[in-house]
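These notes concern the structure reproduced below.
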Amino acid sequence: MNPETLLEESQKLLNDTLNSSLHSDNPNTFYNTARNDSLKKTLKSSFLENTLTREQRNSLHEEFFAILQKCQSFEDVFDTIAEFDASINEVLCQLRTVRTKDDEFMKWLAKESNVWRLVSALYQYRLSPPPNDVHLGHITEKTVLEILFRNDPHMAECQLIIDWLEQSAADENDRQEKSSIEHFTDKTIMWENTLSQLKNNRELPFSANKQLVSSMEPDAPLKEKKHLHPLDEEDEQRLLKQVFREVRCGRIDIAQKLCLHVGQGLKASILEGWRPFHDPNFDLPAKTNERQSTEGHPNRDLWKLCAWGQAESPMMHRAWRATMGVLCGNLDAALLMCTSWEDILWAHLKVYVDLRVEEEIRANITGRKYVPMPDKYWNQKFDLDKMFQELENCQSASIQAEARQADREIQQHLILDNVTSLVSRLHEAVSRQPNSILIRLAAHLILVFRMFEQSLPSSDLRKKGDDIIKAYIKECTGRGNPYLVAYYVSHLNQLDQNQVYAEYLENVLDPVLREHCLQAAEENRLQIRDITNLVVEKVKQKSSKNKRKTLLPETTEEDLDRINAIDWITFYPEQRTDALWKTNEFVRLFVIQDKLEAAKLALGKISEDTINSLCDGGDLTSHSNKSRNASSIREYLCHKTYLAAEDAFNEWFHYYNSTKPRPLVEIANNAVYSERVLYESRLAQYEEVLAEWTAKLKLYSKTTKSKLYNVLLFPDGGWMVDQFESEESDRQQQMTSLRKSVIPKVVSLLYSLHSTMEEHTDILKIANIVVSEQNQLYKVYSQSELEDLLNKFADSSSELLKMGSDPWGFSSRS
């Protein structure tokens with residue numbers, strides 16, 4: 001039942017249930033109608049949510065595949081990564097639209113998106129770094145900073161990581177739709193409730209031990225050590241937390257607007273003081289009369305020292321201390337509001353970059369003396385490896401656990417540019433944590449790194465990369481798209497390509513889908529001949545392992561799997577030789593197991609056109625031609641001859657035993673005349689039918705004898721005699737085994753037929769054939785079997801003697 005039908009049936013059942021309650025003895029019509037509508041809406045919403053989540057889970061596999069098809073060169077790689085990220089975020093938007101409850105799925109999608117953004121940011125810079133810049137103009141704090149980031153790759157990467165962390169935080173903040181100070185107040189003045197209290201000269205209601213400040217100076221609470229109005233204190237805390245949140249998201253301009261929105265222009269100005277100073281007028285042409293405005297803070301060093309003081313002050317709110325700590329390079333203060341892995345990494349990198357920028361500015365700007373910073377500022381030492389070690393050993397158990405998550409470790413290795421560790425970690429994560437999103441991410445990371453032409457230093461890592469891709473292929477095999485599977489298989493090494501695609505084809509049973517599978521293999525330049533041969537071999541081995549003992553030679557499911565597997569090697573004319581060879585192999589096994597119906601089904605997979613085209617190779621009845629084709633066709637003809645003989649004997653046996661007219665019951669001697677007349681009429685009819693039956697029996701007998709003798713008298717050495725030296729050691733053994741089982745059986749069938757037809761002279765002809773040196777059929781018999789056969793021939797000679805002939809069937813002379 002498809003999802004739409006399921007929804008309709010569920011709603012119908014719901015209607016029936018609620019209608020029954022509407023017609024109860026005491027119905028509450030309004031309540032039941034409302035409940036009906038509510039439950040319908042809930043059911044439909046749940047259905048849409050589950051359907052959309054399932055569809056989106058599957059769609060990303062197809063979308064990633066389609067995106068990769070467009071990537072033709074290295075220049076397209078970063079467009080490909082951007083499209084990966086866009087596809088993921090499109091799915092996230094759709095899932096948020098229906099308010100899905102699958103939070104874990106959405107979290108993993110967000111993590112995957114973050115990884116792709118990090119890869120794009122870092123490797124665009126690493127693989128195409130900007131040229132080094134030599135600044136020839138006036139040196140300012142801003143130009144020093146620009147030169148530093150352009151000429152120092154490590155600093156540039158740190159800033160890229162900061163930008164990535166801030167964008168990630170901004171996206172998460174927008175997803176969570178956190179409350180803003182703007183939701184609580186219109187544009188207003190600073191501390192409006194406190195101002196109202198001061199104007200009216202009133203005490204705080206319910207103030208207990210709290211005393212109100214006496215002025216509206218921005219630092220009045222600190223100087224007077226008194227309080228604001230409780231509502232203003234609440235708004236102040238809300239503002240400071242949101243300011244830090246916006247700084248964490250890299251949106252200082254929005255933080256400044258928030259401060260202005262609530263009338264706190266001083267805080268907005270403070271948030272501007274970190275910017276490096278730059279006067280563009282020094283670089284203008286001498287004749288230019290226009291002056292441009294300066295940028296940044298001319299006394300940034302003084303501002304920084306003051307900000308350091310606020311970051312260190314326990315009197316300040318921790319959110320403001322953290323904000324100041326980030327902007328002035330105070331790590332301890334910056335960490336006060338950090339509650340996650342990303343927060344802590346961001347704080348470390350922000351302070352590290354600030355410290356390096358400050359060192360560079362003070363070393364290159366001449367002509368002015370900077371206010372010295374405290375020793376604690378200069379003593380902060382940073383190293384990326386140590387940063388991640390601190391995250392792993394953090395006192396917070398939740399951050400420790402987060403640091404060990406697969407996505408965080410992937411990001412860590414990307415940041416450290418450790419491809420070896422990255423591939424090893426991806427391999428471990430895919431093996432340990434079978435998460436479909438993680439497997440997709442890992443596989444496509446491997447493909448992207450190969451597009452980057454990032455050489456892996458060892459074959460072991462190459463193998464791990466292939467293992468990851470194989471895990472993803474396994475995820476894709478159930479999605480019904482052979483083109484998707486073939487594409488990813490093509491990125492494996494040659495041996496794995498054959499093995500993995502053969503395993504996939506092994507479970508494809510639909511003929512139309514099989515054609516698409518082969519077409520997909522062609523498009524991706526897979527070795528179709530090797531793969532299809534491997535499929536047949538795998539099916540054969542699997543059937544051998546699952547072999548069950550049965551009392552009857554019935555055709556089992558495993559047998560049908562073997563037979564149907566032959567289709568894989570009949571699609572292409574160049575595989576006719578392989579198809580015939582494998583078919584013969586299966587037929588040998590079936591005949592040995594006495595599964596003749598299965599053997600006939602297998603032979604039916606080989607068309608006459610196949611045999612005719614292979615027969616063009618020369619004289620196939622001569623052992624002088626020992627080619628594989630000649631041997632294969634000869635064996636095929638042996639099988640056809642034997643199975644035709646078996647069918648003919650079965651038809652003769654059935655006709656003889658099941659269709660013979662029944663003789664009439666003799667009439668009594670004293671029967672009346674009318675009965676005698678009726679009996680004579682029926683007897684004439686019986687004799688006529690019997691004569692017709694006997695004529696057909698002779699025809700059946702003649703055809704059967706001919707086909708049985710074809711086996712015994714098979715030309716050029718005999719049935720299943722082959723001198724082709726195959727690499728398959730068991731082939732000759734099987735053919736010898738078939739001769740030892742089939743030839744005595746055929747002799748026995750001929751003896752039974754001749755004996756039944758009372759053709760004893762012909763039985764002695766069988767003896768001549770068996771003992772003839774031309775075909776040497778006697779060699780397939782053991783000593784005891786040969787004695788039993790000779791005894792049967794002796795019995796036939798005795799019958800001939802009784803009939804007046806000599807023991808060899810010739811007429812006796814008087």
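Applying the condition of being surrounded by fewer than 14 Cβ atoms within 10 Å (Cβ to Cβ) and farther than 23 Å from Val419 by Cα to region 105-131 and asking which residue is modelled with the highest pLDDT yields Lys107.
Looking at this structure, is Leu391 in the same structural domain as Asp460 (by TED's automatic domain parsing), closer than 27 Å to Ala110 by Cα, in contact with an Asp or Glu (Cβ under 9 Å, 6 or more places away or on another chain) and surrounded by 14 or more Cβ atoms within 10 Å (Cβ to Cβ)? Judged against the criteria, Leu391 is not a match.
This table checks each residue for (1) outside the structural domain of Asn710 (by TED's automatic domain parsing); (2) loosely packed, with under 15 Cβ neighbours inside 10 Å.
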| site | (1), (2) |
| --- | --- |
| Asp647 | no, yes |
| Trp652 | no, no |
| Ser658 | no, yes |
| Val672 | yes, yes |
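Only one of the listed residues (Glu166, Glu172, Glu217) is modelled with pLDDT of 90 or more and either part of a loop (DSSP other than H, G, I, E, B) or in contact with a helix residue (DSSP H, G or I) (Cβ under 9 Å, 6 or more places away or on another chain) (or both). That residue is Glu166.
Selection within region 322-374: residues that are within 17 Å of Pro298 (Cα to Cα) and β-branched (Val, Ile, Thr). The member of this set that is nearest to the chain's Cα centre (by Cα) is Val357.
For Leu637, are the conditions met, namely being in contact with a Phe, Trp or Tyr (Cβ under 9 Å, 6 or more places away or on another chain), modelled with pLDDT of 85 or more, hydrophobic (A, V, I, L, M, F, W, C) and closer than 30 Å to Ala565 by Cβ? First the steps, then the outcome.
Details: in contact with a Phe, Trp or Tyr (Cβ under 9 Å, 6 or more places away or on another chain): yes; modelled with pLDDT of 85 or more: yes; hydrophobic (A, V, I, L, M, F, W, C): yes; closer than 30 Å to Ala565 by Cβ: yes.
In short, yes.
Scanning region 86-98 for residues that are within 23 Å of Gln124 (Cα to Cα) and within 19 Å of the chain's Cα centre (by Cα) gives Ser87, Ile88. Counting only residues that are among the aliphatic types (A, V, I, L, M), within 13 Å of Asn775 (Cα to Cα) and in contact (Cβ under 8 Å) with a residue 60 or more places away in the chain, region 702-745 holds 4 of them.
Condition check ((1) surrounded by 15 or more Cβ atoms within 10 Å (Cβ to Cβ); (2) out of contact with any strand residue (DSSP E or B) (no Cβ under 9 Å at 6 or more places or on another chain); (3) farther than 17 Å from Ala644 by Cβ) across all residues:
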| residue | (1), (2), (3) |
| --- | --- |
| Val711 | yes, yes, no |
| Trp719 | yes, yes, no |
| Gln723 | no, yes, yes |
| Arg731 | yes, yes, yes |
| Met735 | yes, yes, yes |
| Val746 | yes, yes, no |
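Identify all residues within region 489-525 that are outside any helix (DSSP H, G or I) and within 18 Å of Asp467 (Cα to Cα); write none if there are none. Once the filter is applied, which keeps residues that are outside any helix (DSSP H, G or I) and within 18 Å of Asp467 (Cα to Cα), region 489-525 yields Ser490, His491, Leu492, Asn493. Kindly check whether there is at least one residue in region 338-345 that is surrounded by fewer than 19 Cβ atoms within 10 Å (Cβ to Cβ) and outside any helix (DSSP H, G or I). Looking for residues that are surrounded by fewer than 19 Cβ atoms within 10 Å (Cβ to Cβ) and outside any helix (DSSP H, G or I), one finds at least one in region 338-345, hence yes.
Mind listing whichever residues of region 416-442 are at pLDDT 90 or above and not in a helix (DSSP H, G or I)? Result: Leu416, Asp417, Asn418. Residue pairs whose Cβ atoms lie under 9 Å apart, sitting 6 or more positions apart in sequence or on different chains, and linking a residue in region 755-779 that is under 15 Å from Leu789 (Cα atoms) to a partner that is of a type in the set (Asp, Glu), are Ser755/Asp795; Ser755/Glu799; His760/Asp795; His760/Glu799; Ile763/Asp795; Ile763/Glu799. Of everything in region 557-590 that is among the aromatic types (Phe, Trp, Tyr) and part of a helix (DSSP H, G or I), the residue that is surrounded by the most Cβ atoms within 10 Å (Cβ to Cβ) is Trp568.
Tell me, please, whether a residue that is assigned to a helix (DSSP H, G or I), free of Cβ contacts under 8 Å to residues at least 12 places away in the same chain and among the β-branched types (Val, Ile, Thr) can be found in region 666-687. Yes, there is a match, as at least one residue in region 666-687 is assigned to a helix (DSSP H, G or I), free of Cβ contacts under 8 Å to residues at least 12 places away in the same chain and among the β-branched types (Val, Ile, Thr). Val134 meets the conditions (1) surrounded by 12 or more Cβ atoms within 10 Å (Cβ to Cβ); (2) modelled with pLDDT under 70; (3) among the β-branched types (Val, Ile, Thr) in every case but one. The failed one is (1). In region 458-469, the residue that is modelled with the lowest pLDDT out of those that are of a type outside the set (Asp, Glu), surrounded by fewer than 20 Cβ atoms within 10 Å (Cβ to Cβ) and assigned to a helix (DSSP H, G or I) is Ser459.
On the basis of being of a type outside the set (Phe, Trp, Tyr) and more than 21 Å from Asp174 (Cα to Cα), does Ala220 make the cut?
For Ala220, the condition - of a type outside the set (Phe, Trp, Tyr) and more than 21 Å from Asp174 (Cα to Cα) - is met.
Among the residues of region 431-450 satisfying the criterion of being under 17 Å from Ile81 (Cβ atoms) and not aliphatic (A, V, I, L, M), which is surrounded by the fewest Cβ atoms within 10 Å (Cβ to Cβ)? Top of the filtered list is Arg450.
Residue-level analysis places Pro221 outside the set of residues that are assigned by TED's automatic domain parsing to the domain that holds Ile161, in contact (Cβ under 8 Å) with a residue 12 or more places away in the chain and buried (at least 17 other Cβ atoms within 10 Å of the Cβ).
In region 368-385, is there at least one residue being within 16 Å of Thr143 (Cβ to Cβ) and not hydroxyl-bearing (Ser, Thr, Tyr)? Yes, there is a match, as at least one residue in region 368-385 is within 16 Å of Thr143 (Cβ to Cβ) and not hydroxyl-bearing (Ser, Thr, Tyr).
The values are calculated or read from the model by the stated rules, or taken from the named source; none is laboratory data. Nothing here was measured: the structure is a model prediction, and the numbers come from that model. When we count neighbours, we look across all protein chains shown, and the Cβ atoms used for this are built from the backbone with ideal geometry, even at glycine.
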